[in-house]
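Below is one structure; the comments refer to it alone.
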Amino acid sequence: MTARVSFARKLRRNQTDAERVLWFRLRNRCLNDLKFKRQVPIDKYIVDFCCADARLIVELDGGQHAMRDETNRTAVLESMGYLLLRFWNNDVLQNMDRVLEEILNAANRDRQEPPHPYPLPCGEREADR
């Protein structure tokens, strides 16, 4: 086992409050059947949450992150085809619905549904009732 994998396991055991709360909402395909993993080693980094199918990484930031390091980390991960979303811990703890909505929108960014081939006439649309 590599040192990075060992460190990722340690991080999983020692989550922040924000990580714990968000993980409860992402685990077991709870968010629109998206498969997320936590504390995932990718390249030389360990990311907080990753949905490989959607090529989406979610990072939670407290005061411990150095901006220069985060900019480089973001560039490397984006060059690998991932989209990174960053949220402050307080966002997760105080506005979970907005955080989940942003994650869901990002995960579905390439899966926009085409218009229905047989739309209902104006008078029959549910919004018009």
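The values are calculated or read from the model by the stated rules, or taken from the named source; none is laboratory data. Quick caveat, the model's predicted, so the values are computed rather than measured. In this analysis, Cβ positions are derived from the backbone assuming ideal geometry, glycine residues included, and neighbour counts consider all displayed protein chains. Please note that ligands, DNA and RNA were not included when accessible areas were found on the heavy atoms of the full protein model with its side chains. Shrake-Rupley method; radii C 1.70, N 1.55, O 1.52, S 1.80 Å.
Of note:
- Residue that is farthest from N105 (Cα to Cα) [pool: residues in segment 1-49 that are open to solvent by 80 Å² or more (accessible area, probe 1.4 Å) and at pLDDT below 70]: M1
- Residue check for Q112: modelled with pLDDT under 90, closer than 21 Å to E19 by Cα and either among the aliphatic types (A, V, I, L, M) or loosely packed, with under 10 Cβ neighbours inside 10 Å (or both): no
- Members of segment 74-88 that are open to solvent by less than 40 Å² (accessible area, probe 1.4 Å) and under 19 Å from T16 (Cα atoms): L85, F87
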